[in-house]
Amino acid sequence: MSELKPVGDADSRVERSAEKAPRRMRPRIWPALILLGLYWGMRFGSALVEPSPAMFMTVYFMGPLALTVGILGWWLFASRIPWTDRLLGAFLFLAAGGVAIVVCGNDFPVMAMILYALQAVITVWIGWLVFSFPLGWSAVRRIGTYAAIVLGWGAIMLLRVDGMDGEFVADFNWRWTPTAEQQLLAELRQTSASAAGAERPDASAAPLVVGPGDWAEFRGPNRDSRVEGVRIATDWSANPPKELWRKRVGPGWSSFCVVGDRFFTQEQRGEEEMVVCYDSRTGEEIWTHADAARFNEVVAGPGPRATPTFHDGKLYVQGASGIVSSLDAATGEKIWSRNLVEDVKATVPMWGFSASPLVKEGLVTVFGGAEGKAVVAYDAGTGELRWTGGDGLMSYASTHLASIDGVEQLLMATNVGLYSFDPASGKELWMHEWTSDAARIVQPAVVEGNDVILGTGMGVGTRRIHVARDDDAWKTEEVWTTKQFKPYFNDFVVHEGSLYGFDGAIFSCIDAETGDVLWKERGYGSGQVLLLADQGLLIVLAETGEVALLEANSEELRELAKILALTGKTWNHPVVAHGLLLVRNGEEMVCFELPREGADESTPVSVKTERTESEE
């Protein structure tokens, strides 16, 4: 007979066996979901408004870093998974991220990693944990978690960031696809001219001289994007602008300087910043000048930012890294060259030196960006340093010549306010303090002889300043300030008492007398605008490359016509000269012949290219 065992003993064994069985663990993921939800809520919420500098830094830069620290803290100290898995997961996240930084290099720079990669990989990581929630902490879920982290970083390593648009939305492309710059360089290498550089004109070539209809510097003769003496047909469906030529161009945000049948622009070609002279009739390259420099940053990408200036047969240029040069405009031969970083101990700004040189009183002035040296003046003939003045370490605007109360003066907008200098001596005439954490980029506008309008983006706004003189004493006072119009890097124009320009990415009309908003409309992104004053017409070059013709109408936006001129991000200022419309971006440039007012489709539009001397 077998021995009978107490029932109680069997029950105990079952209980002990159950105690020894491993529990089906479920990681605590709700803290991670809260962190991720807060981050994406801020990110999408900030996209609904124009960010201030503080908001941009908090949401776009500090946000991903804070999210990363928070997620790693949760993972290591509050996720309730075995410590071996916690340490391995954290190690994989950091190690794979480090590998991605090294592998991607400039294709996906560290700043872009912060702005886009960290939160993307974390979202994939936490997304897998949510999707696999029913699995507890099984081998499948554990291996899937590691795979999500590694594959997330692996996907980043396949991508390239080709800059961002005006609302900080990145342009992603596969790393193995050639960039527009690489395609341009490949095409240049295939031509005999590019192998040895374009054939330079003879040194005895006749000097160029400014004539009627030329566009000799940034935004035209008065740096106000105002064209006079030009009338065009407005029915582009019946008589559209005629495309004359289209060419690839190296990256950069330079506009055009036009003298006779030649035009000049700046672009990046590999490791060289280039100043290039082209034939406006054909788009063919005439000469090039190269400086061994390459500036690149994640938002705007590589290339020079400034526009060449023509004066007295010479071209004055500034590169993004601070090289200021004088060239013979007819041949491209270098006359002199200086370096702002060496001359005034300046630091290259975050988005590069962007000031288009201005020539007055035999001096060339640019933004310097050093303490007490916001403006730097060089001798136009020799390049010798003549004077410096003003405070402000941050500006992407250019010096601006103005006549206020009958006195010619040089204006310069920096992060501390608006300065006025005597052009010859550099003596400070007046200064209007208006400190801003946002960069000042657009040019000031002088209205009614004694008032200046200064715009600032990133939530700061626009201010009208009244300037008064009592003998040698100057004073300024605020007339009005509005946050309803915040031009960032998009210059505005003034016509019949109204401002027309971009409030962030919204095209707007503002009353110059009161600062009141008259109307606002979306549709052109962060573009640029040009005024045809004789007809009260606006040529708007949209951020996406369309050219729109608008009435300068203070009551409503009236679009008369639109054509697609370019593809891709377009920030460069358009130019109208000698009946031609020249537009470009960081990939290509195109020249249109504008239809003449009163002309039908069969009537050719003559283009004035004769060079005639005008009085200085």
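Total residues in region 445-460 satisfying the condition of being open to solvent by less than 10 Å² (accessible area, probe 1.4 Å) and either assigned to a loop (DSSP other than H, G, I, E, B) or on the phi > 0 side of the Ramachandran plot (or both): the figure is 1. Within region 247-267, the presence of a residue that is among the basic types (K, R), assigned to a loop (DSSP other than H, G, I, E, B) and touching a residue at least 60 places away in the same chain (Cβ under 8 Å) is excluded.
Tell me, which residue of region 53-74 that is closer than 24 Å to A439 by Cα and not aliphatic (A, V, I, L, M) is surrounded by the fewest Cβ atoms within 10 Å (Cβ to Cβ)? Among residues in region 53-74 that are closer than 24 Å to A439 by Cα and not aliphatic (A, V, I, L, M), the one surrounded by the fewest Cβ atoms within 10 Å (Cβ to Cβ) is F61. Just one of the listed residues (G283, G303, G260) is touching a helix residue (DSSP H, G or I) at 6+ places or on another chain (Cβ under 9 Å) and open to solvent by less than 30 Å² (accessible area, probe 1.4 Å), and it is G303. State whether one or more residues within region 357-366 are closer than 23 Å to R294 by Cβ and either part of a loop (DSSP other than H, G, I, E, B) or among the basic types (K, R) (or both). Taking every residue of region 357-366 in turn, at least one turns out to be closer than 23 Å to R294 by Cβ and either part of a loop (DSSP other than H, G, I, E, B) or among the basic types (K, R) (or both).
I want to confirm something. Restricting to region 286-300 and keeping residues that are of a type outside the set (A, V, I, L, M, F, W, C) and surrounded by fewer than 22 Cβ atoms within 10 Å (Cβ to Cβ), which single residue is farthest from the chain's Cα centre (by Cα)? Of everything passing the filter in region 286-300, T288 is farthest from the chain's Cα centre (by Cα).
Considering region 15-52, the residues that are over 30 Å from W128 (Cβ atoms) and open to solvent by 60 Å² or more (accessible area, probe 1.4 Å) include one that is modelled with the highest pLDDT, namely V49. The sole residue among M431, M412 that is outside any loop (DSSP other than H, G, I, E, B), open to solvent by 10 Å² or more (accessible area, probe 1.4 Å) and either more than 24 Å from A54 (Cβ to Cβ) or among the aliphatic types (A, V, I, L, M) (or both) is M431. Taken together, A320, A330, A374 contain a single residue that is within 24 Å of P221 (Cβ to Cβ) and open to solvent by less than 50 Å² (accessible area, probe 1.4 Å), which is A330. The lone criterion from (1) outside any loop (DSSP other than H, G, I, E, B); (2) open to solvent by less than 10 Å² (accessible area, probe 1.4 Å) left unmet by V442 is number (1).
Residues are listed down the side, and each one gets a yes or a no for (1) open to solvent by 60 Å² or more (accessible area, probe 1.4 Å); (2) in a helix (DSSP H, G or I):
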site: T123; (1), (2): no, yes
site: I143; (1), (2): yes, yes
site: W153; (1), (2): no, yes
site: V161; (1), (2): no, no
site: N173; (1), (2): no, no
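Residue pairs whose Cβ atoms lie under 9 Å apart, sitting 6 or more positions apart in sequence or on different chains, and linking a residue in region 535-549 that is without any contact (Cβ under 8 Å) to a residue 24 or more places away in the chain to a partner that is buried (at least 20 other Cβ atoms within 10 Å of the Cβ), are E546/Y524; E546/G527; E546/V540; E546/A565; E546/L566; E546/T570. Being over 21 Å from D491 (Cα atoms), without any contact (Cβ under 8 Å) to a residue 60 or more places away in the chain and open to solvent by 30 Å² or more (accessible area, probe 1.4 Å): is that true of E361 here? Judged against the criteria, E361 is not a match.
Here V110 clears all of (1) open to solvent by 70 Å² or more (accessible area, probe 1.4 Å); (2) in contact with a helix residue (DSSP H, G or I) (Cβ under 9 Å, 6 or more places away or on another chain); (3) over 25 Å from G37 (Cα atoms); (4) modelled with pLDDT under 95 except the condition numbered (3). State yes or no: is S225 on the phi > 0 side of the Ramachandran plot and touching a His at 6+ places or on another chain (Cβ under 8 Å)? It is true that S225 is on the phi > 0 side of the Ramachandran plot and touching a His at 6+ places or on another chain (Cβ under 8 Å).
Restrict the check to region 461-475 and report whether at least one residue is touching a residue at least 12 places away in the same chain (Cβ under 8 Å) and assigned to a loop (DSSP other than H, G, I, E, B). Scanning region 461-475 turns up no residue that is touching a residue at least 12 places away in the same chain (Cβ under 8 Å) and assigned to a loop (DSSP other than H, G, I, E, B).
Counted as qualifying within region 506-601 are the strands (runs of 3 or more DSSP E) with 2 or more residues that are open to solvent by 20 Å² or more (accessible area, probe 1.4 Å) and farther than 25 Å from E496 by Cβ, namely 559-564, 588-593.
In region 230-244 there is no residue that is within 30 Å of V299 (Cα to Cα), assigned to a strand (DSSP E or B) and within 28 Å of the chain's Cα centre (by Cα).
Answer with yes or no whether V341 is at pLDDT 95 or above and either at positive phi or open to solvent by 30 Å² or more (accessible area, probe 1.4 Å) (or both). In short, yes.
Checking each residue of region 483-500 against the condition of being outside any loop (DSSP other than H, G, I, E, B), out of contact with any Asp or Glu (no Cβ under 6 Å at 6 or more places or on another chain) and open to solvent by 20 Å² or more (accessible area, probe 1.4 Å) gives at least one match.
Of note, L4 does not satisfy the criterion of being assigned to a loop (DSSP other than H, G, I, E, B), modelled with pLDDT of 70 or more, of a type in the set (A, V, I, L, M, F, W, C) and open to solvent by 100 Å² or more (accessible area, probe 1.4 Å).
The values are calculated or read from the model by the stated rules, or taken from the named source; none is laboratory data. If you're wondering where the values come from, they're calculated on a predicted model, not measured in any experiment. As a convention, Cβ positions derive from the backbone with ideal geometry for all residues, glycine included, and neighbour counts pool all protein chains shown. Areas reflect the complete protein model, heavy atoms only, side chains present, ligands, DNA and RNA absent. Shrake-Rupley method; radii C 1.70, N 1.55, O 1.52, S 1.80 Å.
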